[in-house]
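See structure below.
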Amino acid sequence: MRKKIVAGNWKMNLTLEEGQKLTSEIVHMVKDELNQPVTVVINPPFTHLQSVKKLIEGAKDIFLGAQNCSDKASGAYTGEVSAGILTSFGASYVIIGHSERREYFKETNEQLTEKVKLALANGLTPIFCCGEPLEIREANTQDAYVTEQLTASLFGLSEDEIKQLVLAYEPIWAIGTGRTASSDQAQEMHASIRKHLASKYGQAIADGISILYGGSCKPDNAQEIFSKADVDGGLIGGASLKSRDFVDIVKSF
Ligand code: PGA
């Protein structure tokens, strides 16, 4: 049985006070309303990690994640935050290779491999993102594009390493646009990603890896998307900033 996971990616939003309020609301709603095992991950800005960690302490199934980590272990890299520092704050997860990092910060496949390795070495679970831009979808070459992203960054990992990852398929044309992939489009890509993982690591390992969908996932489409066989949850941007919406998505399985 694969883990069901819903991760909220706050991106560069919310003051500390707003983030604390949101976290408290999520903790209470999850406790009162969730009646099945779902792993909930909150990924605030770095500056909020410690406060959010305090607020989720003792909350069953709610974990702390970061939105990024450095591709270096430590040293003179002004402004960077290492995987080891994240672990020291009580983080359990880290998003790696989000399309915004790839696009605006020019993160390369090689850097992403380093980040994944450092995250694993420091006991963090990477949520590794992949997904195609609109022109690739329009040319109908999304399969080749996404499998190449995975091959380039992840296929040097050992079986023991890859098993520990969570993947997130996020078509770039659906992120923050209100234009979500259909549940069939999501299922098709998730199945293709799993097949690609199986080709390298075998079916058993591929079957154990949770693959999340991301891109304008909302309370009114989450249930349909999460009902698909190879969709194991969601990576939620905009809708993770509202407690009611986020927890409704968590309850959508
Ligand atoms: P969105 O973002 O839900 O706002 O589309 C998803 C993401 O970027 O992870």
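For this structure, a couple of remarks:
- Rg/Rh for the stretch 1-65, where both radii come from Cα atoms and Rh is the Kirkwood radius: 0.96
- Remark: the chain projects, on average over all directions, an area of 12.5 nm² (convex hull of Cα atoms).
- A simple count of charges around Phe63, restricted to other residues whose Cβ falls under 12 Å of its Cβ and scoring Lys, Arg +1 and Asp, Glu -1, yields +1.
- Axial C-alpha extent at least 30 Å, average Kyte-Doolittle at least 0.0 - helices from the chain (DSSP): none
- Binning the C-alpha pair distances of the stretch 1-140 at 10 Å intervals from 0 yields a P(r) profile of 11, 39, 33, 15, 2 %, listed from the shortest bin outward.
- Across the accessible surface of the chain, with the other protein chains kept in place and a 1.4 Å probe, carbon and sulfur atoms take up 51 percent.
- Of the GluC sites (Glu not before Pro) in the stretch 1-100, the ones in a loop by DSSP (not H, G, I, E or B) with at most 15 other beta carbons within 10 Å are Glu57, Glu80.
- The stretch 182-233: radius of gyration over Cα atoms, expressed as a fraction of 2.2 N^0.38 Å: 1.15
- Estimated at 0.36 nm per residue, the fully extended path between Ile205 and Ala144 surpasses their Cα-Cα distance by 19.9 nm.
- Straight-line cross-link reach from Lys72 at under 18 Å between alpha-carbon atoms covers these lysines, not counting any fewer than eight positions away in the same chain: Lys106, Lys115, Lys117.
- Amide H contacts for Ile95 (H built 1.01 Å from N in the peptide plane; partners 5 or more residues away or on another chain; cut-off under 5 Å): Ala66, Gln67, Asn68, Ile127.
The values are calculated or read from the model by the stated rules, or taken from the named source; none is laboratory data. Given the structure is predicted, the values throughout are model-derived calculations rather than measurements. With ideal geometry, Cβ positions are generated from the backbone for all residues, glycine too; neighbour counts draw on all protein chains shown. These area figures cover heavy atoms from the full protein model, side chains too; ligands, DNA and RNA do not enter into them. Shrake-Rupley method; radii C 1.70, N 1.55, O 1.52, S 1.80 Å.
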